[in-house]
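The values are calculated or read from the model by the stated rules, or taken from the named source; none is laboratory data. Small disclaimer: the values here were computed from a predicted structure and weren't measured. We place every Cβ from the backbone using ideal geometry, glycine too, and count neighbours over all the protein chains shown.
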Amino acid sequence: MAPRRTTLKPPPVVENGDCKPCGGTGNVPTTVRVGRKRRPVGQQDGLCLNCFGTGTDPDA
């Protein structure tokens, strides 16, 4: 049996306490879907659920 590889990557550095998904803006793109087959037709701004629109990292 081959030995298991263990590669640990360092966590990404968050500058100035900015939230990762929204980049500090508080908005994230949300796909708009329409029709019976739910086909995507575009995107709109949505509230970032990680920071609830504040733009700062909640773990900081």
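Restricting to segment 32-51, give me the number of residues that are more than 14 Å from residue 20 (Cβ to Cβ) and in a loop (DSSP other than H, G, I, E, B).
Here the count works out to 4.
Would segment 10-21 turn up any residue that is within 15 Å of the chain's Cα centre (by Cα), of a type in the set (Gly, Ala, Ser), surrounded by 10 or more Cβ atoms within 10 Å (Cβ to Cβ) and at pLDDT 75 or above?
No, every residue in segment 10-21 fails to be within 15 Å of the chain's Cα centre (by Cα), of a type in the set (Gly, Ala, Ser), surrounded by 10 or more Cβ atoms within 10 Å (Cβ to Cβ) and at pLDDT 75 or above.
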